[in-house]
Amino acid sequence: MRKALVPVDGSPNSDRAVRHVIALAGICPSIEVTLLNVQAEIDEWEVRRFLKKEEIEAMQESKGGDALESARALLDAAGIRYTPMVLIGPAAETITRTALEQNCDGIVMGTRGLGAVESIVLGSVTNKVIHLADVPVTLVK
């Protein structure tokens, strides 16, 4: 794998996915990593009533940056190049679209993230990514 997309949410499972990519870098030292955090779009009228769209997006960007923090620390310590991204939208669709747009060879992600309640009700993001992805998906438990 030359270029990997690693969706992260700050959970221990996403950190394990990052550690897996670090192990892959031992085999392929030139690996490029795109770290992605996807924030759900906020469209509730209660929020939009008090905040401008730009303020909401800045808040989401900040929250996404916080979610990237532990993954960035792991990659920095390992000396691996990466590009951090925070995007807003539906998680699975945004992950798979970004993998294509960034010309990634594969997606490496944890099997469960911080959205356990959502995964029970809607089906997990992981399952959706597996079905939508046009590139190989490696799941790290």
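The values are calculated or read from the model by the stated rules, or taken from the named source; none is laboratory data. The shown structure was predicted, so the numbers you read here are calculated from the model rather than taken from an experiment. Cβ sites come from the backbone with ideal geometry, for glycine too, and all protein chains shown count toward neighbours.
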Item to check | Test for Gly123: is it modelled with pLDDT under 90, small (Gly, Ala, Ser), crowded, with 17+ Cβ neighbours inside 10 Å and more than 15 Å from Leu5 (Cα to Cα) | outcome: no
Checklist entry - How many of the residues making up region 26-56 are closer than 30 Å to Arg2 by Cβ and either at pLDDT 95 or above or not small (Gly, Ala, Ser) (or both)? => result 12
Next on the checklist: Can you find a residue that is of a type outside the set (Val, Ile, Thr), in a loop (DSSP other than H, G, I, E, B) and modelled with pLDDT of 95 or more anywhere in region 95-103?
Outcome noted: yes
Checklist entry - Within region 1-26, which residues are surrounded by fewer than 19 Cβ atoms within 10 Å (Cβ to Cβ) and assigned to a strand (DSSP E or B)? => result Lys3
Checklist entry - Quick one: which of Met59, Met85, Met1 is of a type outside the set (S, T, N, Q), closer than 22 Å to Thr111 by Cβ and at pLDDT below 90? => result Met1
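Rundown of residues vs (1) of a type in the set (A, V, I, L, M); (2) in contact (Cβ under 8 Å) with a residue 40 or more places away in the chain; (3) in contact with a Gly (Cβ under 8 Å, 6 or more places away or on another chain), yes/no style:
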residue: Asp9; (1), (2), (3): no, yes, yes
residue: Arg19; (1), (2), (3): no, yes, no
residue: Thr34; (1), (2), (3): no, yes, no
residue: Glu54; (1), (2), (3): no, no, no
residue: Ala67; (1), (2), (3): yes, yes, yes
residue: Leu74; (1), (2), (3): yes, yes, no
residue: Arg81; (1), (2), (3): no, yes, no
residue: Val86; (1), (2), (3): yes, yes, yes
residue: Asn103; (1), (2), (3): no, yes, no
Item to check | Qualifying residues in region 104-120 (those that are touching a strand residue (DSSP E or B) at 6+ places or on another chain (Cβ under 9 Å) and outside any strand (DSSP E or B)) - the one modelled with the lowest pLDDT | outcome: Gly113
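Would you be able to tell me the number of residues in region 65-92 that are of a type outside the set (Ser, Thr, Tyr) and part of a helix (DSSP H, G or I)? Steps first, answer last, please.
Within region 65-92, the first condition is being of a type outside the set (Ser, Thr, Tyr), and the residues that meet it are 65-69, 71-81, 84-92.
Remaining after also requiring part of a helix (DSSP H, G or I): 65-69, 71-78, 91-92.
Matching residues across region 65-92 total 15.
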